[in-house]
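The values are calculated or read from the model by the stated rules, or taken from the named source; none is laboratory data. Owing to the predicted nature of the structure, the values given are computational and were not obtained by experimental measurement. In this analysis, Cβ positions are derived from the backbone assuming ideal geometry, glycine residues included, and neighbour counts consider all displayed protein chains. Only protein heavy atoms, including side chains, enter the accessible area calculation; ligands, DNA and RNA are left aside. Shrake-Rupley method; radii C 1.70, N 1.55, O 1.52, S 1.80 Å.
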Amino acid sequence: VSPRASAARPMRRTRGRWTLSDGSGREHHPRLRPAREPSPALDGNHDFACLADEMRSVGIEAHDVTMRAWQFGGHGFAGFGHIPYIAGTWAGEVDDATLDRLSVRALASGADVLVTHCPPAGILAAGFGNVPLAARLKGEHGVKTHLFGHVHEHAGEDVTVGSTRFYNGALGARLVIL
């Protein structure tokens with residue numbers, strides 16, 4: 001099921017995340033406030049509705065992160081929200097061949113900021129992660145910053161590998177100065 005196809009389902013907030021509800025209706029995340037600057041938005045495997053639409057509904061100028069680099073503040077942002085196949089019940093689950101194609105397209109966009117939901121395997125990934133992306137990041141690319149989440153065990157952590165700084169923003173918001 002695609003996240004966009006499920007957007008009509010009722011949702012509720014649980015521990016700071018959007019989740020499907022029993023039909024009791026929708027509420028906005030209390031921490032979403034209008035920002036002074038545009039914000040990138042990327043759906044993850046818990047997002048069965050469009051995050052950018054939710055952000056816009058409370059006055060945030062949100063931009064969906066896509067394969068085409070979005071220019072802001074002298075940086076190009078590109079990426080994807082897909083994750084490795086788990087059980088077929090989460091939004092954005094795909095096979096490794098699809099993850100590889102997505103990784104190639106995102107890295108070819110020319111963006112210096114890569115935004116993905118899932119980390120590359122082996123980097124703040126706790127035994128999980130995107131194996132094809134990890135392999136592609138070992139080659140030539142122009143990514144200086146990689147923003148991701150998904151793996152809660154490394155929430156809030158960052159590390160530099162080669163010339164790329166990796167940030168795991170799972171379970172919350174984090175200000176990253178580029």
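Are there any strands (runs of 3 or more DSSP E) wholly within the range 67-126 with 1 or more residues that are over 16 Å from T164 (Cα atoms), and if so which? Let's see the steps before the verdict.
Details: elements: 70-72, 75-80, 113-116.
Qualifying strands (runs of 3 or more DSSP E): 70-72, 75-80.
Listed residues P120, P84, P132; which is farther than 19 Å from V65 by Cα and either crowded, with 20+ Cβ neighbours inside 10 Å or not acidic (D, E) (or both)?
Just one listed residue meets the conditions, P132.
Might you check whether a residue that is at pLDDT below 95 and within 26 Å of C50 (Cβ to Cβ) occurs anywhere in the range 155-163? Yes: the range 155-163 contains one or more residues that are at pLDDT below 95 and within 26 Å of C50 (Cβ to Cβ). Scanning the range 137-165 for residues that are surrounded by 19 or more Cβ atoms within 10 Å (Cβ to Cβ) and aliphatic (A, V, I, L, M) yields L137, V143, L147, V151. Within the range 150-177, no residue that is of a type in the set (A, V, I, L, M) sits with its Cβ atom under 7 Å from a residue that is at pLDDT 85 or above and open to solvent by 70 Å² or more (accessible area, probe 1.4 Å) at 6+ positions apart or across chains.
Condition check: acidic (D, E) and assigned to a helix (DSSP H, G or I). Does E140 satisfy that?
Values: acidic (D, E): yes; assigned to a helix (DSSP H, G or I): no.
No; evaluated as a whole, the condition is false for this residue.
Taken as a whole, the structure leaves R101 outside the set of residues that are charged (D, E, K, R) and in contact (Cβ under 8 Å) with a residue 40 or more places away in the chain.
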